[in-house]
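The values are calculated or read from the model by the stated rules, or taken from the named source; none is laboratory data. In this text the structure is predicted, and so the values were computed from the model without any measurement. A quick note on method: Cβ atoms are made from the backbone with ideal geometry, for glycine too, and the neighbour counts reach across all protein chains shown. Note: areas computed on protein heavy atoms with side chains; ligands, DNA, RNA excluded. Shrake-Rupley method; radii C 1.70, N 1.55, O 1.52, S 1.80 Å.
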Amino acid sequence: RGFMGEHKDWGEAGADCETLSFITDARSDKMRQGREAEVCWYFAPSREQFRLRGVLECVESGAGQPKRLQDRASMWNSISPAARKQFLWPNPGEERGETDEAQDKRDFDDVKPSETDPPDTFVLVLLRPERV
């Protein structure tokens, strides 16, 4: 989603602007894959690739320093209503079995996430690069 600290309110929350920020669902497989990570960018016109390697910090519901929880809430407030809905959908990657159009509408379209309070499934993921 971007870099922490690029907006004034993020900086006041205590994160450095060198920290990349992402969001994920607490129920996803990514949450069980360890804390070391690598992000890659490829620039097609110049044929350059950049890899940023570092350790992830996951800011989950009710866990972490107050500044990080504030960062998590700020990120929730910055994403679109459609993006918020995804965190109330059925578990990612799980078989849903037989469903019908009405059930799909209830599970995906009719969910009403809070505009201010992120659900437990919403995780702010921070990566501070240690190697480029």
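Can you give me the C-alpha center-to-center distance between the stretch 82-112 and the stretch 33-79, rounded to a whole angstrom?
Using only Cα atoms, the two centres lie 26 Å from each other.
³J(HN,Hα) across the stretch 35-50 via Karplus (A = 6.51, B = -1.76, C = 1.60, θ = phi - 60°), whole Hz, x for Gly/Pro?
Listing the rounded values in order: 9, 8, 8, 9, 10, 10, 10, 10, 9, 4, x, 9, 6, 10, 10, 10 Hz.
Relative to the compact-globule scaling 2.2 N^0.38 Å, provide the ratio for the alpha-carbon radius of gyration of the stretch 34-132.
Details: Rg = 17.5 Å, N = 99, 2.2 N^0.38 = 12.6 Å.
Its radius of gyration relative to the 2.2 N^0.38 Å reference: 1.39.
Counting only protein heavy atoms and a 1.4 Å probe, tell me what percentage of the chain's accessible area is made up of carbon and sulfur. It would help to have the intermediate numbers written out before the result.
Working: 4230 of 8820 Å².
Exposed carbon and sulfur together represent 48 percent of the surface.
Quick one: net charge of residue 27's neighbours, Cβ under 13 Å, K/R +1, D/E -1? If you can, show how the numbers build up before the last one.
Details: positive: 30, 32; negative: 25, 29, 60, 94, 120.
Computed value for this residue: -3.
State in Å² the accessible area per residue of the chain; use a 1.4 Å probe, count heavy atoms of protein chains only, and round to the nearest integer.
Details: 8820 Å² over 132 residues.
Computed with neighbouring chains in place, this is 67 Å² per residue.
In degrees, nearest 10, range 0 to 90: what is the angle between the Cα axis of helix 66-78 and the longest Cα principal axis of the chain?
In the chain, helix 66-78 runs at an angle near 60 degrees to the longest axis.
Mind ranking 35, 47, 72 by accessible surface for me, highest first, 1.4 Å probe?
Values: 35 95, 47 190, 72 15 Å².
Order by accessible area, largest first: 47, 35, 72.
Around residue 108, what is the net charge, scoring Lys/Arg as +1 and Asp/Glu as -1 over all other residues with Cβ under 11 Å from its Cβ? Don't skip to the end; give the middle numbers.
Working: positive: 85, 96, 105, 106; negative: 101, 104, 107, 109, 110.
Its environment carries a net charge of -1.
Show me 75-83, 117-125, 26-34 ranked by packing, highest mean number of other Cβ atoms within 10 Å first.
Details: 75-83: 14.1, 117-125: 19.2, 26-34: 12.6.
Listed from highest to lowest mean packing, they are 117-125, 75-83, 26-34.
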